[in-house]
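The values are calculated or read from the model by the stated rules, or taken from the named source; none is laboratory data. This structure is a prediction, so every number in the text was calculated from the model and none was measured. So basically every Cβ, Gly included, is an ideal-geometry build from the backbone, and we count neighbours across all protein chains shown.
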Amino acid sequence: MLWVEECAAWTHSPGGQKCANNILRQGRKVWTMFGGISQNPPKDFGVLEDEFIEQRICFGFKFSAIAKATLQWC
């Protein structure tokens with residue numbers, strides 16, 4: 001399991017995006033998962049190639065506007 005806290009810099013960097021996409025698409029073959037902590041999930045995870053991949057997102061927001069935007073993105 002790879003946990004990345006404040007993952008914006010990681011998911012927006014070319015190497016981080018490639019690594020995250022490989023884990024999302026191929027991690028199941030080697031029992032590997034990715035967990036990311038983000039202040040803005042649509043912006044930070046929206047850059048990943050996540051179409052047709054089952055994902056689970058845990059929510060905990062202080063600001064209702066970010067919660068609404070994230071729910072609409074999901």
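Annotations for the structure displayed:
- Filtering region 27-41 to residues that are more than 9 Å from the chain's Cα centre (by Cα) and either of a type in the set (Ser, Thr, Tyr) or at pLDDT 85 or above (or both) leaves Lys29, Val30, Trp31, Thr32.
- Residues satisfying the stated conditions in region 9-24, i.e. out of contact with any Gly (no Cβ under 9 Å at 6 or more places or on another chain) and closer than 14 Å to Asn40 by Cβ: His12
- Test: Lys18 is surrounded by fewer than 17 Cβ atoms within 10 Å (Cβ to Cβ), of a type in the set (Lys, Arg) and modelled with pLDDT of 85 or more: yes
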